Amino acid sequence: MMIQAENISMCYRMTYDRVQSMKEYLVQLVKGKIKYEEFWALRNVSFEVDKGEVLGIIGHNGAGKSTLLKVISGILKPTGGQVAVNGTVVPMLELGSGFDADLSGRENVFLNGAILGYPEDFLKAKYEEIAAFSELGQFIDVPLRNYSSGMVMRLAFSIATVVDPDILIVDEILSVGDAPFQEKSKKRMLELMGGGTTVLFVSHSLGQIREMCDRVLWLDHGEMKMLGETKAVCDAYEGE
Amino acid sequence: MNEKKVKRGCAIALAAYILLAAVFNWVCGDQLRFRDEQTDMLSASGVIGEITSDTVVTQRIQVDGDRLLGLTLYGATYARQNTGWLCVEICLGEQVLATRNVDVSTMADNSAFYLGLEGPADIPEDGSLILRITAPESVPGNAVTLYSGRTMAAAHAEVDMSLTEEECVHINGVALDTALCTQLLSREDLWFGQYYWYVAAAGLLVLAIYCLVLMLRNKAGKRSLVLNMFAAFTRYRYLMKQLVARDFKTKYKRSVLGVLWSFLNPLLTMVVQYIVFSTLFRSDIPNFALYLLTGIVCFNFFSEATTMALGSIVNNAPLITKVYVPKYIYPLTRVMSSAVNFLLALIPLFAVMLITGTPVRVSILLMPAGLLCLFAVSLGIGMLLASAMVFFRDTQFLWGVVSMLWMYATPIFYPESIIPASFMTLYKCNPLYHIIRFIRIVLMDGISPEPKAYALMAIASFVPLALGVLVFKRTQDRFVLHI
């Protein structure tokens, strides 16, 4: 069992105006005006994922898909329930987290890799591969602030997908750069997901879900609507 | 965790402890066993008259400690060469505890002279002794005298000591209205030093038992705090290294002098403050340059580390909402990068030490203890601020003012003696006071501070650290909702 989620609930408390200064807070407190509106992004979500399984997560915007991924990857702590994760998790939620514009591409590979939790020897061994995949050539030694946004994304993608994690968390299949690179990156992504690792996969593209996933979880307004075989869930989702 | 590794770690910890205990004993030497204390001298206002064979000068003296080692008197010779000798006795009631004879022909006019006692005198519980001075062979016209007074020099003015009749000097049993100008050197035996090896052995025993417990727990597959910390450290060591390297590389990235600024900054600050405080506001601190630079370097580290840690959570918001990394890594690495800077700033500090001719003694080996405590305080306050900053963005502006206040509340460019005695308790609540004092004693006096100073410094650094860690731990799960 790689992931075991038991009755996860996530509640956001929102004030109408987010109070961010002490004076304001005190003033509002005295007036008794601190009101919170509770918003349940997830309610009692339970599921299990076996080793090597690809679990798809579908649902409309705001159904709680991204929140669920953040809870599993440890970024958010659930309000209720428990998550047990066995193994290293690499979340591919956003590319290039922690890039520093003043550092060169090379330095950023190691910095970003360290942030993503890759071990030192692994990064050193894979450095050439990352550099080659990003197709940056000699630009790898130029500070990042001189990169075009496409170049930054290419580098970020190359670092993010060099991994060999126990659990991969994917929020939409990322394809970046120009058309040839998009093709290449998509292929890399599919390879990674099909390579026997455990994957949690969020997508709006039912085609990809049907193609990749073993089982599918359908979230609706934070609640589990359906969990089961890919075909059954996708058909039901489309039928709605 | 690997059983072999735990065993090796425990062995290393025990060996390091034994080594440290031995080195500590060697470096501290006598400072661990005794504390010498010297009383302040009254300001001389006049002389008590010639001490001749028919005068008996008696003076009650009050002194702390276990043994009286010696005393300093302030004498005058009426600008002539006298003969004979003074007999200085320390008495308890009628019993003479110690004596010291002085050949008056060796005395210089209007000057203080120190007399070491032959066989130190034991000081009674109440600390009250009688000083009796006679001159068996002196006759008028061939005798010396001693200075007396009734005021003491304080920061701004002479303070009247309001002496009672009993406290004044008596000539043949008749009280004058002043007391002799004396300075008493006494020695106190320290409990800690007497039992040092027992204390060290007890510590070793505790450590050994803990290691055993740790190994047994590890065998049983239970988790324990220390092992978890080590596991986290090995796991995130590379990340911390990268983050510290990033801070360091980007800090001076586009400046011409680059890393040189780490040396230059404290040096230039010192030069400015040295000029200001040695010409505009006179201060008579010995070796003022080193005194100043020690304070500046330490406070700069504290101020830089806490200010950097303050923004560590808020500024890393894009990271914290996307990737899971233990959140303490952010303030910790910021403090660590400041520590790298601080270590570089120690180089000019040692340079100034050499230039001013301050002798380098083994006590310098004690400095890491002070630096560790400084690190702990900065980390504690930094974590506290980082948490506060997430919920209240006012913290950054407030901290600007508070850290300035903190700077003035720390003896950086002034001597601590200018603080009125009534504020001293409050003043000593400042953890930086204890740490900077410790580092100065170690560097400038070349000796170890008394054992109490270690205890105070440890407490002063542990309390802010514990507070910071506690607050951070309790609030960290809510960070992501507020950034």
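The values are calculated or read from the model by the stated rules, or taken from the named source; none is laboratory data. Note that the structure is a prediction, hence the values are computed from the model and not measured. Note that each Cβ is placed from the backbone with ideal geometry, even for glycine, and that neighbours are counted across all protein chains shown.
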Any hit, region B:456-465, residues being surrounded by 15 or more Cβ atoms within 10 Å (Cβ to Cβ), within 14 Å of chain A (Cβ to nearest Cβ) and in a helix (DSSP H, G or I): no
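Out of all the residues in region B:154-164, is one or more modelled with pLDDT of 85 or more, surrounded by 12 or more Cβ atoms within 10 Å (Cβ to Cβ) and in the same structural domain as B:Gln59 (by TED's automatic domain parsing)?
Just the residues of region B:154-164 that are modelled with pLDDT of 85 or more, to begin with: none.
Among the residues of region B:154-164, not one is modelled with pLDDT of 85 or more, surrounded by 12 or more Cβ atoms within 10 Å (Cβ to Cβ) and in the same structural domain as B:Gln59 (by TED's automatic domain parsing), which makes the answer no.
May I ask you to list the residues in region B:392-414 that are within 14 Å of another protein chain (Cβ to nearest Cβ) and modelled with pLDDT under 90?
B:Phe392, B:Arg393, B:Asp394
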Residue within region B:382-390 that is away from every other protein chain (no Cβ under 14 Å), farther than 27 Å from B:Pro326 by Cα and in contact with a Pro (Cβ under 9 Å, 6 or more places away or on another chain) present: no
Selection within region A:120-152 - loosely packed, with under 14 Cβ neighbours inside 10 Å and part of a loop (DSSP other than H, G, I, E, B): A:Ser148
Condition check for B:Leu190: surrounded by 16 or more Cβ atoms within 10 Å (Cβ to Cβ), touching a strand residue (DSSP E or B) at 6+ places or on another chain (Cβ under 7 Å) and either modelled with pLDDT under 90 or within 27 Å of B:Met407 (Cα to Cα) (or both): yes
Residue ID - farthest from B:Arg67 (Cα to Cα), chosen from residues in region B:101-131 that are among the acidic types (Asp, Glu) and not in a strand (DSSP E or B): B:Asp109
Filter result for B:Gly258 (at positive phi and among the small types (Gly, Ala, Ser)): yes
Close pairs (7 angstrom Cβ cut-off, 6 or more residues apart or separate chains): closer than 25 Å to A:Ala179 by Cβ in region A:154-167, small (Gly, Ala, Ser) and not in a helix (DSSP H, G or I) anywhere: A:Arg154/A:Gly177; A:Ala156/A:Gly96
All positions within region B:252-289 that are assigned to a loop (DSSP other than H, G, I, E, B), more than 23 Å from B:Met444 (Cβ to Cβ) and not polar (S, T, N, Q): B:Tyr252, B:Lys253, B:Arg254, B:Val256, B:Leu257, B:Gly258, B:Val259
Filtered residues of region A:100-112 (kept if more than 8 Å from chain B (Cβ to nearest Cβ) and under 19 Å from B:Ile329 (Cβ atoms)): A:Asn108, A:Asn112
Residue match in region A:86-106 (condition: acidic (Asp, Glu) and under 14 Å from the mean Cα position of the chain (by Cα)): yes
Selection count, region A:193-211, where residues are of a type outside the set (Lys, Arg) and surrounded by fewer than 21 Cβ atoms within 10 Å (Cβ to Cβ): 12
Qualifying residue in region B:22-33 (condition: within 27 Å of B:Ser138 (Cβ to Cβ) and crowded, with 19+ Cβ neighbours inside 10 Å): no
Number of the exception - B:Ala11 against (1) surrounded by 19 or more Cβ atoms within 10 Å (Cβ to Cβ); (2) out of contact with any strand residue (DSSP E or B) (no Cβ under 9 Å at 6 or more places or on another chain); (3) hydrophobic (A, V, I, L, M, F, W, C); (4) without any contact (Cβ under 8 Å) to a residue 40 or more places away in the chain: (1)
For B:Asn172: the one exception among (1) out of contact with any Gly (no Cβ under 9 Å at 6 or more places or on another chain); (2) among the polar types (S, T, N, Q); (3) more than 22 Å from B:Thr39 (Cα to Cα); (4) free of Cβ contacts under 8 Å to residues at least 40 places away in the same chain: (4)
Among the candidates B:Ser312, B:Ser303, residue that is in contact with a Gly (Cβ under 9 Å, 6 or more places away or on another chain) and within 15 Å of B:Ile381 (Cβ to Cβ): B:Ser312
Conditions (1) within 38 Å of the chain's Cα centre (by Cα); (2) in contact (Cβ under 8 Å) with a residue 12 or more places away in the chain; number of the one not met by B:Val56: (1)
Any helices (runs of 4 or more DSSP H) falling wholly within region A:1-119 and containing at least 1 residues that are at pLDDT 85 or above: A:65-72, A:105-115
The lone exception for B:Val297 - which of (1) crowded, with 17+ Cβ neighbours inside 10 Å; (2) of a type outside the set (Gly, Ala, Ser); (3) in a loop (DSSP other than H, G, I, E, B); (4) within 28 Å of the chain's Cα centre (by Cα) it fails: (3)
Residue count, region B:305-354 (criterion: part of a helix (DSSP H, G or I) and touching a residue at least 40 places away in the same chain (Cβ under 8 Å)): 32
Pairs, first within 8 Å of chain A (Cβ to nearest Cβ) in region B:234-251, second outside any helix (DSSP H, G or I), C-beta under 7 Å, six or more apart: B:Tyr238/A:Pro119; B:Leu239/B:Val325; B:Arg246/A:Asp100; B:Arg246/A:Leu103; B:Lys249/A:Leu103; B:Thr250/A:Asp100; B:Thr250/A:Asp102; B:Thr250/A:Leu103
Filtered residues of region B:305-327 (kept if away from chain A (no Cβ under 14 Å) and either surrounded by fewer than 20 Cβ atoms within 10 Å (Cβ to Cβ) or on the phi > 0 side of the Ramachandran plot (or both)): B:Thr307, B:Gly311
Complete set of residues in region A:81-99 that are more than 21 Å from B:Ala317 (Cβ to Cβ) and within 13 Å of chain B (Cβ to nearest Cβ): A:Val83, A:Val85, A:Thr88
